[in-house]
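Computed from the coordinates by the stated procedures, all read-outs in this text should not be read as laboratory data. Since this is a predicted model, take the numbers as computed values, not measurements. Glycine gets a Cβ as well: all are built from the backbone with ideal geometry, and neighbour counts include every protein chain shown.
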Amino acid sequence: MDGFVAIYIFMLAAFTGYEVISRVPVILHTPLMSGSNFVHGVVLVGGMIALGQAETPLEQAIGFVAVLLGAANAAGGYVVTERMLAMFKAKEKN
Amino acid sequence: MAIKWLIDASYFVAAILFILGLKGMSSPVSARKGIVWAGVGMVLATVVTFLTPGMNNFALMIIAIAVGGALAWISGKKVAMTDMPQMVAIYNGMGGGAAAAIAAVEFARGEMHGVVVTLLATLGALIGAVSFAGSVVAWAKLQGVMKKAFRLPAQNGVNILLALVTVGVGAAIVIAPEIDPTLVGAFFVLALVLGTVITLPIGGADMPVVISLFNAFTGLAVGFEGFVMGIPALIIAGIVVGAAGTLLTQLMAKAMNRPISNILFVPMAAAGGGEAVEGEQKEVGAMDAAAMMRYASKVIIVPGYGMAVAGAQHKVWEMTELLEEAGVEVSFAIHPVAGRMPGHMNVLLAEAGVPYDKIFDLEEINGDFPQADVALVIGANDVVNPSARTDKSSPIYGMPILNADLAQNVIVVKRGKGTGYSGIENALFYKDNTRLLYGSAQQAIGEVIQHVKALSV
């Protein structure tokens, strides 16, 4: 990837992240931290590609760990966030 | 080529879904939709990755996803609401570990070209490994596996020296013309030790900020590894989380009036214990506490970590409803860093069914304490310590606190006479108008409920 294109992506993504969170009420801080924790679970995709290209047993072993941890980050992050937000939903009905 | 296009387009859609999802999560109305959108993005990105040309090891891949995903899914479903902070910490640590492992695979393959790519891979590995080790320590502390804060002699010196050595080894890897396996191995060990050593001395009061900081770290690590692997979806998701997490960390540190560097390098206990507090703690029984609140006109409840540990939020809401039936005006005062994460108390009260309009932030409610007949402090400590306003030698001097001490009467529900997680004496507990109700929040509030019921008949 072209170096400058990457820097532009970095910059725009950083502004996006900053803007997205700047209007969050305190009440949603924990779910949001949990939700952003889920989003970086996309590291799973990187782990899959790393494992897919692995050749030696060492590379395979480390790649396996990467996918294992990435999958746990994504799955755990989703469940925990969903459970927290479900409570907010239930309460609005009252 | 069509496959390649499909994969790139799917990653693009996934990146949009992640950003929309995070945006959705910033409002209570759309929050649930937000996590579902982000979830759809994640499934899409994962599924199309299987189509990537030239990949092997599919069996290993599927086993790893099934095992890692299932274990995390089940543990996430089973964990009690009160243990959520440490679960977020551990899942976050796993993400950091995954980013570091990706860098390790790339190092092992030895096919990284160019200084920039090697630099970002090394940075990502460093940040990811620190986040992994630090998050595991944070989890162990909150889970109660690790009870005390450990301090090395000359902790700050050790931290700085270790960080310098780690960065030095990292620089050597980047500069070297060939990847040196010994250097890489040493680098990962150093980074893991660094993450552990930095986190060990940090006390419980600072834990929310630390978890948030590691969350931002993991985001950055993921973004950097995304650049190394040439996957824009990883870069965008990682950097967005890195920026959002950094802002959230700043907001929390600001609420505590402590720069982030202070939290990392001058742990509370090291800053000195503050003035000795005079007087003694005066005990009150559940019956008297019940009577004080039942015949009050305004009660403000200040929940803290003690309520979370005891899982007493349902009891607290039951008591609140009884008091309101008796005509008492009850509101909840939430300190930004009460508990172990920002919003921790809000989540627990929401679980118990407390309506939003009874819950107030620090700025909203601090002026109301002098008019309150009773301030009921449930397992909160530092966030109501008046020394933060008055005692310049106190380690928490200057931190905004809830002025519970200004209420006509203060009842503190507390397990024992100790100083709590941060180890700082609390002048509030010794004031003339303060009474202590000893016991776990669950049991103490349960007894108060019985007595309030008896008074209402």
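Structure values in brief
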| item | result |
| --- | --- |
| For residue B:298, distant residues with modelled amide H under 5 Å away | B:329, B:373, B:374 |
| Ranked B:345, B:61, criterion: other C-beta atoms within 10 Å, fewest first | B:61, B:345 |
| Net charge dipole size for segment B:123-268 [Lys, Arg +1 and Asp, Glu -1 on Cβ; Debye, nearest 20] | 660 debye |
| Whole-Hz ³J(HN,Hα) from phi, Karplus 6.51 cos²θ - 1.76 cosθ + 1.60, for segment B:64-78, glycine and proline x | 4, 5, 5, 5, x, x, 5, 4, 5, 4, 5, 5, x, 6, 7 |
| Which of B:166, A:30, B:390 has the fewest Cβ neighbours within 10 Å, and the rest in rising order | B:390, B:166, A:30 |
| Peptide B:226-239 - average C-beta neighbours from other chains (10 Å radius) | 6 |
| Using alpha-carbon coordinates, inclination of helix B:181-199 to the longest axis of chain B, degrees | 10 degrees |
| Computed FRET value (nearest 0.05) for residue B:33 with residue B:326, which takes r as the C-beta separation and R₀ as 30 Å | 0.15 |
| For chain B, the longest site-free run once GluC sites (Glu not before Pro) in DSSP loop states with at most 12 other Cβ atoms within 10 Å are removed | B:281-457 |
| Cβ-Cβ FRET estimate between residue B:78 and residue B:364, R0 fixed at 30 Å, reported to 0.05 | 0.25 |
| Test item: B:210-222 mean partner chain Cβ contacts at 10 Å | 4 |
| Gained length - residue B:417 relative to residue B:161, 0.36 nm times residue gap less alpha-carbon distance | 88.3 nm |
| Extension gain from residue B:55 to residue B:261, taking 0.36 nm per residue of separation minus the Cα-Cα distance | 69.8 nm |
| Ascending count of other beta-carbon atoms within 10 Å, so fewest first, for B:247, A:85, B:71 | B:71, B:247, A:85 |
| Helix axis angle, B:441-456 relative to chain B longest principal axis, alpha carbon, degrees | 40 degrees |
| Rounded D (µm²/s) - chain B, Kirkwood Rh over Cα pairs, Stokes-Einstein at 20 °C, 1.002 mPa s | 89 µm²/s |
| Integer Hz, Karplus 6.51/-1.76/1.60 couplings in order for segment B:7-15, x for Gly and Pro | 5, 4, 4, 5, 4, 4, 4, 4, 4 |
| Sequence ranges B:90-102, B:74-86, ranked by mean other-Cβ count within 10 angstrom, highest first | B:90-102, B:74-86 |
| Shielding by other protein chains, B:70-80, mean Cβ within 10 Å | 5 |
| Highest-first arrangement of B:331-339, B:299-307, where packing means the average Cβ count within 10 Å | B:299-307, B:331-339 |
| Cut-off 15 Å between beta-carbons: net charge of the residues surrounding residue B:60, Lys and Arg +1, Asp and Glu -1 | -2 |
